[in-house]
Structures are given as structure tokens and as C-alpha cells.
Amino acid sequence: MTNHFSCSSLFLATLFLGGASAAAGAEATPDIGITVRRLSPRTAVFNAGPWDNAMVAIATQKGIVVVDSGFSKTIAKAYREAIQADFKRSDFAFLINTHEHGDHMLGDSAYSDIPLIGSEALRAAILRMKSDPAIVARFMEWPEKNLTWMRQYLLKNNPKALEGPQFAQVERFWKTAEADNPTAAGLILPAITFDRRMTLNLGDVSVRLFSFDLFHSMADIIISVPEENLVLTEAVFSPGQIPYIGFASNGNEEGLTAEMLKPEIVNNWFVVLHEVLSQADEKTQFLGCHGRAVMTKAQCACEAAYLEKLWNEVRRTKAAGKTLEQAKADLALAVSFAEYADLGDIRSAGNPDEIPSVHQRNIEVLWKAAP
């Protein structure tokens with residue numbers, strides 16, 4: 001995850017307005033502010049505290065499938081208890097990791113009794129972490145960084161909130177993760193892996209997994225659940241935002257670089273997006289792993305079209321013998337991508353990791369991938 005300071009805007013609004021998040025189902029221990037939202041009788045989304053990550057549970061005839069675990073074993077255990085309470089059943093069948101960032105998989109050991117599913121790239125990423133424990137150690141810098149940033153933000157904007165119950169819950173969330181202190185040695189390798197795609201047939205539900213490597217991390221996947229008319233888009237799409245090819249951002253914990261991205265990997269992104277979007281309709285719900293908002297097919301199709309156009313234009317410009325700086329000028333958002341000018345181009349505005357132009361950053365990454 002390249003933006004450490006991704007405190008929920010919804011949560012900040014709660015602090016300013018004085019509202020409180022309601023825990024649904026039986027309250028887990030510790031109280032990390034878990035909220036539950038049903039997308040359907042079979043599918044629910046779980047969020048916690050200040051963190052916008054969406055943990056998804058799908059109750060099938062062959063057991064509950066959980067997508068992502070959380071930041072630590074104790075936090076994942078709290079999610080698991082909330083899932084069990086909400087569905088009033090405990091037959092967990094599979095855990096799926098959407099990618100290898102700490103906030104999605106450092107809690108996997110809370111599900112050690114069921115098979116972990118991930119791509120071959122996820123297995124490689126976890127083996128890489130086991131051989132370089134410093135990667136997980138850098139993930140575990142996030143709690144203190146996030147707490148420090150929020151204290152500074154509230155001290156400047158709403159000091160009284162620092163004494164309120166919502167901020168106490170924030171501290172509890174991050175201190176819980178810190179106290180668990182996950183290490184590389186405790187990481188669990190996936191028991192079931194796939195290369196490009198895999199389908200889980202679970203009686204009344206099929207869960208389709210598609211590799212989407214090196215978009216946001218080393219081992220991204222997109223998940224489609226046709227019977228639920230649901231697509232989990234990992235970190236590919238955000239409402240009203242230019243998609244951010246973030247795996248090679250400055251300071252990423254894993255040391256991933258843009259040179260790792262090859263044309264065939266980028267081309268696979270569009271194979272997957274074309275298939276998933278072609279099977280969707282106006283009622284399909286698209287949900288990212290880093291947000292609470294549900295997106296429509298039209299919103300995702302617009303952002304996918306932006307990505308594909310950018311890839312084609314970068315390749316065309318590079319093949320014409322132009323330099324990167326010339327390409328950045330020729331392909332400027334206002335010049336060649338005016339139809340996407342309404343999409344947000346700033347990421348993490350006001351935060352230490354702010355990116356002033358996602359579009360320009362995307363050009364730089366795709367330029368290195370282009371043949």
C-alpha cells in the first residue's frame with residue numbers, strides 16, 4: 001500500500017460532526033468500530049475504525065468465503081466474530097487475499113483453520129517477505145505513522161476530537177495492530193493458488209478469480225461473483241478518481257519498480273476488464289478493497305477506458321521516438337484526455353504522500369512498460 005495515511009474521509013467527518021459508528025451484530029473484542037453493510041442476503045461488507053478497507057464475506061451453500069483478513073490477527077479475529085454474528089453461522093470455507101499488502105493479509109493467521117487462496121504471484125510475494133523480514137517490519141510502521149498524522153491533523157483542525165470516543169477507537173485500532181506485532185515468520189502461504197484465473201464452485205455461488213498483477217501490488221486479483229452481480233475491483237477503481245497504477249510508487253515497502261511491469265502484464269489487465277465489464281449490467285455492484293462506496297458499471301467502464309487509452313497512447317508516442325517529457329506534454333490531461341478531466345487527478349490531498357497528478361505518474365509508469 002503506497003498511501004500510509006489513508007484515514008477514512010467518512011471517519012474524519014464523523015469526528016467533526018460528533019457522530020458515532022455503530023457496531024452491527026455481536027460486538028467483537030476489542031471494540032475497533034466494526035460496521036456491517038449487507039449488499040444482499042448472502043454478501044456483507046465489514047469496515048473498521050479509521051481504515052477504509054472493505055472485508056467482504058459471502059455466505060454460500062458450501063461455507064463462508066472471506067475476502068482479506070485485516071492488519072493483524074486480533075483485528076482479523078474481531079472481523080471473523082462480526083461475520084459469524086451477522087450471518088449466524090460459523091462454517092468458514094475459504095480465505096482469499098486480494099494482494100499482499102499488510103493491511104489485507106497480516107491477519108491471515110486468524111483463519112489458519114481454513115485454506116488460504118491466492119495467485120501464484122501472492123505465493124511469490126509472501127516467500128519474498130519471508131526471505132526479507134524488513135518488508136513486514138516496514139508494514140508495521142503504519143500504525144504509528146497513521147496515529148501521528150491523525151493527531152497532528154486533529155490538533156490543527158478539531159482539537160476537542162482528540163478527547164472524544166471516536167479518536168479513542170482510532171487509537172485502539174492501531175494499538176491493537178501494533179501489539180500483535182506480526183512478523184514475516186508468521187505469514188501463511190496460500191494452500192490453493194492459480195496463475196491467470198480460477199473459479200470456485202460453491203453450490204449456489206461461483207467465485208471467479210482473475211490475476212491483475214502489478215497494478216497496485218505484486219499480486220493483485222479481481223473477483224467476480226456472477227450470482228451476486230458483484231465485482232470486487234481490489235484497488236483498481238475509485239469513485240470519480242483517475243485509476244492509480246500505484247505498485248511502483250516512491251517508498252513502497254516491497255521495493256517494486258516500474259521496470260518489473262511488462263507489456264504482456266498490462267495487456268492482461270484489459271483482457272480481464274473487458275471480460276468482467278462485458279458480463280456486468282446496470283445493476284452490477286463494483287466494490288474496491290480500499291473504500292466504502294459501491295460503483296456502477298458506467299463508472300468503472302469510464303475508468304477502464306481511460307487506462308486503455310493511456311496505454312495505447314503511451315505506446316504510440318514512444319514508438320514515434322518521442323521522449324518521456326514530450327509524451328507527458330502531448331498526453332496531458334487537459335490536452336489529450338479532456339473527456340476524463342472531471343475525474344480527480346490528485347491522490348491523498350493534504351497528506352504527506354500526496355500525489356499532485358496521478359495522470360502524469362501513470363504516464364511515467366506505463367512509459368517504462370511500453371515496448
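The values are calculated or read from the model by the stated rules, or taken from the named source; none is laboratory data. In this text the structure is predicted, and so the values were computed from the model without any measurement. Cβ sites come from the backbone with ideal geometry, for glycine too, and all protein chains shown count toward neighbours.
Just one of the listed residues (Phe167, Phe237, Phe210, Phe215) is part of a helix (DSSP H, G or I) and of a type in the set (Phe, Trp, Tyr), and it is Phe167.
Consider Ser131 carefully, then state whether it is over 20 Å from Ala76 (Cα atoms), of a type outside the set (A, V, I, L, M, F, W, C) and surrounded by 20 or more Cβ atoms within 10 Å (Cβ to Cβ). No.
The residues of region 259-277 that are surrounded by 18 or more Cβ atoms within 10 Å (Cβ to Cβ), closer than 15 Å to Val314 by Cβ and of a type in the set (Val, Ile, Thr) amount to a single one, Val266.
Of the residues in region 177-199, none is among the polar types (S, T, N, Q), at pLDDT below 95, part of a helix (DSSP H, G or I) and over 19 Å from the mean Cα position of the chain (by Cα).
Selection of first residues in region 299-316 that are aromatic (Phe, Trp, Tyr) and of second residues that are part of a helix (DSSP H, G or I) and buried (at least 17 other Cβ atoms within 10 Å of the Cβ), restricted to Cβ pairs under 6 Å at least 6 apart or on distinct chains, gives the following pairs, ordered by first then second residue: Tyr306/Tyr340; Trp311/Val266; Trp311/Leu366.
Here Ala320, Ala327, Ala349, Ala369 are screened, and the one residue that is of a type outside the set (Ser, Thr, Tyr) and over 23 Å from Phe247 (Cβ atoms) is Ala320.
Kindly indicate whether Leu122 is modelled with pLDDT of 95 or more and either more than 15 Å from Leu189 (Cα to Cα) or not polar (S, T, N, Q) (or both). For Leu122, the condition - modelled with pLDDT of 95 or more and either more than 15 Å from Leu189 (Cα to Cα) or not polar (S, T, N, Q) (or both) - is met. Residue count for region 99-115 satisfying the condition of being over 13 Å from Asp220 (Cα atoms), among the hydrophobic types (A, V, I, L, M, F, W, C) and touching a Ser or Thr at 6+ places or on another chain (Cβ under 9 Å): 2.
Residues of region 29-42 that are surrounded by fewer than 22 Cβ atoms within 10 Å (Cβ to Cβ) and either part of a strand (DSSP E or B) or touching a strand residue (DSSP E or B) at 6+ places or on another chain (Cβ under 9 Å) (or both): Thr35, Val36, Arg37, Arg38, Leu39, Ser40, Pro41, Arg42.
Summed over region 289-322, residues that are crowded, with 16+ Cβ neighbours inside 10 Å and either part of a strand (DSSP E or B) or modelled with pLDDT under 95 (or both) total 6.
Contact map, region 259-282: residues that are without any contact (Cβ under 8 Å) to a residue 60 or more places away in the chain and acidic (Asp, Glu) paired with residues that are assigned to a helix (DSSP H, G or I) and surrounded by fewer than 15 Cβ atoms within 10 Å (Cβ to Cβ), Cβ distance under 8 Å, separation 6+ or inter-chain. Pairs shown: Glu282/Ala298. Listed by first and then second residue, the pairs with beta-carbon distance under 6 Å, at least 6 apart or on different chains, first residue in region 71-88 and surrounded by fewer than 24 Cβ atoms within 10 Å (Cβ to Cβ), second at pLDDT below 95, are Lys73/Asp180; Thr74/Thr176; Thr74/Asp180; Glu81/Ala28; Ala85/Gly25; Ala85/Ala26; Asp86/Gly25. Scanning region 248-287 for residues that are assigned to a loop (DSSP other than H, G, I, E, B) and either among the hydrophobic types (A, V, I, L, M, F, W, C) or at pLDDT 95 or above (or both) turns up Ala248, Leu256, Leu261, Lys262, Gln279, Ala280, Asp281, Glu282, Lys283, Thr284.
Taking each residue of region 339-364 that is assigned to a helix (DSSP H, G or I) and looking for partners that are basic (Lys, Arg) with beta-carbon atoms closer than 7 Å, six or more apart or interchain, yields Val358/Arg347; Gln360/Lys328; Ile363/Lys328.
For region 286-306, taking the residues that are small (Gly, Ala, Ser) and over 18 Å from the mean Cα position of the chain (by Cα), the one that is farthest from Val271 (Cα to Cα) is identified as Ala298. Inside region 50-87, residues that are more than 23 Å from Leu189 (Cα to Cα) and either of a type in the set (Ser, Thr, Tyr) or in contact with a helix residue (DSSP H, G or I) (Cβ under 9 Å, 6 or more places away or on another chain) (or both) make up a count of 5.
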